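Colleague: Got a structure for you, written out below as structure tokens; questions coming shortly.
The values are calculated or read from the model by the stated rules, or taken from the named source; none is laboratory data. A quick note: this is a predicted structure, and the numbers were derived from the prediction, not measured. No Cβ is skipped: glycine too gets one built from the backbone with ideal geometry, and neighbour counts run over all protein chains shown. Note: accessible area is taken over every heavy atom of the protein model, side chains too, but ligands, DNA and RNA are not part of it. Shrake-Rupley method; radii C 1.70, N 1.55, O 1.52, S 1.80 Å.
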Amino acid sequence: MLGKEPLLWRALERGESVVDFVRSIMPELAGASSKVRWIALRYLPGGASNVFTKYILCTRTRSRGPASSMKIGDTVNSTFTHRGKRRRWLSAIALAASAALLSACATAAPAEDGDTDETQTVRVGIVGFSAADATANKTAELMVEQAEALGWETEYQAANPAGDSASANSLIQVMLQKGATVIITMNFDPDTLGAGLAAAREAGVPVMGMSSGKLGDGMAWASNVGYIPEYGELIRSDLDPAAERVEVLNLQFLLATPGQGRDQLMQEIAADDPRVNLTDREVPIPGAVQGGRDFTTAWLAANPPTPGVQLIIYAVFDQPAEGAVAALRQAGRDDVLIYSYDATPVGLELVKEGWIRGNIQNGRQAQADQVIAAAQKVVSGEFTVDNPVLVPVAFFIVTTDNVEQYERDFPAAFTEEGV
């Protein structure tokens, strides 16, 4: 088991320089590549260990493409998640220092004939989803920080797509023209990105789909954050067995694959229980908070408190849930259970206050770590368009039952810093 306190952290806290630290462990770096990587993992936090390993291999052997044979961990620095500012600060130092070492090595030592070019610039284009999606935007900002700490160039477009796939396709093609070597899309259904994916494949540029829910032609990696059966178990357990009818306001957003998976869950609950009646409403983006408020106001008017009728609002993410709570407050109603996703600081406060019954925390830091770890495997050639990978996204269900303990464990989740 690797310790949770890599020795570089301790050295930095003692005021030692990274250069002195490297010199102190050089005698241990005479072994094979696998030993170098073990030492890097032992001494350095996740993402930094990968860059540092490249540096040592570069200075020691300058052999053929060490990055292509390295097995980079599935999660970049997972121990930093929820650990507070100190570890993130030290992580940034370690990543930046290691990237600087690698850059210096590449500058000082040109590749020998026949060697793989380790100095090729990695240019990452990130196509965000919408300025209204606070969770995705914060995740993208963390991804940019990690990518640039690895010495990669980045271009991040958050607001321009505004949830529109045609704009996303155009942005992919613009990024290709600017020389992107990897493109990351966020929340878009791959089926709506045909033109962009085709252009990327023609250019030989792999595309990664964070929260795309599935792999599209031209994608090397994707994650699925939408469909969570365990959340369905919570909702089913909350259904009142004495209720003759269950009215559900289903606030959807079907243009994004997370929304499709989340909608699928509620559709299955309704199909399994004949008492459940869905009122489906598509949330506008931008304008999700106001849309949620308007839809809820109309739905409340059509569903006054009635014996034998249970009322539920199921929100695809926290912004429409915020609007729903505003409508409930205005109407003086507290007879509705609300379920939401993304666990923004506002969403978590509404759980604490009892307005939202359940929320899904995917972890912005954890998702950023996961994407950048996968991006390193894409860059190294382990994940390719011809050998793509689809993975789930880790989650935690925050409810009115466990929210106080969750806040004690992860206080940053309730601030703009987030987790």
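Colleague: With just the Cα atoms defining each centre, how far is the stretch 201-278 from the stretch 169-192? Give it in Å.
Modeller: 24 Å
Colleague: Place the peptides 344-356, 176-188 in order of packing, highest mean first, counting for every residue the other Cβ atoms within 10 Å and averaging per peptide.
Modeller: In descending order of packing, they fall as 176-188, 344-356.
Colleague: Give the distance, in whole Å, between the Cα centre of the stretch 125-155 and the Cα centre of the stretch 376-419.
Modeller: 15 Å
Colleague: Residue-wise, which Karplus ³J(HN,Hα) couplings in Hz belong to the stretch 278-290, taking 6.51 cos²θ - 1.76 cosθ + 1.60, θ = phi - 60°, and x for glycine or proline?
Modeller: Working through the residues one at a time gives 9, 10, 8, 9, 7, 6, x, 10, x, x, 5, 5, 5 Hz.
Colleague: Once you have a ≥ b ≥ c as the square roots of the Cα gyration tensor eigenvalues for the stretch 222-314, tell me rounded if a/c is under 1.5, and otherwise prolate or oblate according to whether a/b is larger than b/c.
Modeller: oblate
Colleague: Order of 259-270, 204-215 by packing, highest average Cβ count within 10 Å first?
Modeller: Ranking the peptides 259-270, 204-215 by packing returns 204-215, 259-270.
Colleague: Using the heavy atoms of the protein chains and a 1.4 angstrom probe, tell me the accessible area per residue for the stretch 283-419 in square angstrom.
Modeller: Result: 38 Å² per residue.
Colleague: Report, by chain and number, residues whose modeled amide H sits under 5 Å from the one on Val389, excluding near sequence neighbours (fewer than 5 apart, same chain).
Modeller: Residues meeting the criterion, in which the H sits 1.01 Å from N, are Trp221, Ala222.
Colleague: Could I ask something else about it? How high is the FRET efficiency between Glu416 and Leu254 when r is their beta carbon distance and R₀ equals 35 Å, given to the nearest 0.05?
Modeller: The pair Glu416/Leu254 has a calculated efficiency of 0.75.
Colleague: Rank by packing, highest mean first: peptides 248-254, 166-172, with packing defined as the count of other Cβ atoms within 10 Å averaged across residues.
Modeller: The densest-packed peptide leads the list: 248-254, 166-172.
Colleague: Among the DSSP beta bridges whose two residues both lie in the stretch 162-269, what percent are antiparallel, rounded to the nearest 5?
Modeller: Taking every DSSP beta bridge with both residues in the stretch 162-269, the antiparallel ones total about 10 percent.
Colleague: FRET efficiency for Ala331 and Glu141, Cβ-Cβ distance as r, R0 = 25 Å, nearest 0.05?
Modeller: After rounding to 0.05, the efficiency reads 0.10.
Colleague: At 1.4 Å probe size, with no ligands or nucleic acids counted, give the accessible surface of Tyr339 in Å², nearest ten.
Modeller: We get 0 Å² for Tyr339.
Colleague: With every protein chain left in place, what is the accessible area per residue of the stretch 155-226 in square angstrom, probe 1.4 Å?
Modeller: Per residue, the stretch 155-226 has an accessible area of 34 Å².
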